[in-house]
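Have a look at the structure below before the remarks.
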Amino acid sequence: MRHHLILRVVTKLLIGVIMLFALYVQFHGDYSPGGGFQAGVIMSVGFIIYSVVFSLADVQKVLPPWFVHKLMAIGLLLYAGTGVYSMFVGYNYLDYDAISPHHPVHGQHYGIILIELGVGITVTAVMVTIFYAFASRTPVMDDEAW
Amino acid sequence: MCTALAVVRTQSLFATAMLAGAFSLLSALLFVTLDAVDVAFTEAAVGAGISTVLMLGTLALTARFERPPSHSPVIPLFVVLVTGAALIYGTLDMPSFGDPNAPAQVHLAPDFIQRSPEEIDVPNIVTAILASYRGYDTLGEVAVVFTAGIGVLLLINGLRHRRRRKDKEDA
């Protein structure tokens, strides 16, 4: 899609907004609709749109496949690790009171932000991975083919 | 409804993928009217966004048009009709929409609404329930997403590596 000037310019403008919106959905999920799952999907859309309009190689310079694969596991480990931490401190698994024993409500807030971050990272990475897996097998076609 | 019928009838798979995206967007609107904003959000992002892109990606790998069916559609139609009838019959036993005496409204919902401001103090109670009260559930969901990613990676990427290795051996 090299020659679609309007698409390229609009995409360049939009990608920043999309990612900012993803971060908003991620960290404002406590107050408004949204959370890790939705934010992860929106964030991955930012990368996917870049890859569709520019090229797969361009995205993989920013977000190389090996790094995305690591991210998949890091998100899940962050989530599970929060639970393990609360267990080590002597609370139940995934009981966020453990993070701030003197002020349990704060603990809950930190816990929710942490695990939502884990969810967001994993979902982003998985979506991007699936897209990479499909897109890297696709032969580059010209617009006439559609 | 019309969109769903169009999805079934269209032969061009490209149009089908696009119509499926439109169908997801419409069902997201349906969720909004049911006051399930979080679900609508997910449906719009995943159903209308990502899955359409993935379907297009798959289309690029395979053919553009559906093959004419090789067997009669009577038996599948029968199975679908029976399943649909069973599902509709099942909904007859459910409390009607917005019924204040439904079990979900009587026990769990008031309990969560009462407890979460004191215990968690997060204005969006959906987040409080998903992340804290049902933390195990959400951990399981993330594990499912992770497993799906690993599965796609093994199936599609693994195949390519193996083929490349074979090419190298042949050469």
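Brief remarks follow.
- Qualifying positions in the stretch B:113-128 - assigned to a helix (DSSP H, G or I) and either touching a Ser or Thr at 6+ places or on another chain (Cβ under 7 Å) or away from every other protein chain (no Cβ under 14 Å) (or both): B:ILE113, B:GLN114, B:ILE125, B:ALA128
- Residues being surrounded by 10 or more Cβ atoms within 10 Å (Cβ to Cβ) and modelled with pLDDT under 80 - total across the stretch B:66-94: 1
- Residue in the stretch B:135-153 that is without any contact (Cβ under 8 Å) to a residue 60 or more places away in the chain, over 30 Å from A:PHE67 (Cβ atoms) and of a type in the set (D, E, K, R) present: no
- Residue in the stretch A:95-104 that is among the hydroxyl-bearing types (Ser, Thr, Tyr) and either under 14 Å from the mean Cα position of the chain (by Cα) or modelled with pLDDT of 85 or more (or both) present: no
- When we screen B:ALA148, B:ALA131, B:ALA104, B:ALA109 for residues that are part of a helix (DSSP H, G or I) and buried (at least 17 other Cβ atoms within 10 Å of the Cβ), the only hit is B:ALA131.
- Test: residue in the stretch A:77-85 that is more than 11 Å from chain B (Cβ to nearest Cβ), more than 20 Å from the chain's Cα centre (by Cα), free of Cβ contacts under 8 Å to residues at least 60 places away in the same chain and more than 29 Å from B:VAL53 (Cβ to Cβ): yes
- Filter pass, A:GLY46 being within 14 Å of chain B (Cβ to nearest Cβ), within 30 Å of B:GLU119 (Cβ to Cβ), crowded, with 18+ Cβ neighbours inside 10 Å and not hydrophobic (A, V, I, L, M, F, W, C): no
- Given (1) over 25 Å from A:GLY29 (Cβ atoms); (2) touching a residue at least 40 places away in the same chain (Cβ under 8 Å), number of the condition A:LYS61 does not satisfy: (2)
- Unique match (being more than 11 Å from chain B (Cβ to nearest Cβ) and modelled with pLDDT under 90) among A:PHE37, A:PHE54: A:PHE54
- Only a single item in (1) of a type in the set (A, V, I, L, M); (2) in contact (Cβ under 8 Å) with a residue 24 or more places away in the chain; (3) more than 25 Å from A:VAL45 (Cα to Cα) is not met by B:LEU59, and it is number (3).
The values are calculated or read from the model by the stated rules, or taken from the named source; none is laboratory data. This structure is a prediction, so every number in the text was calculated from the model and none was measured. Glycine gets a Cβ as well: all are built from the backbone with ideal geometry, and neighbour counts include every protein chain shown.
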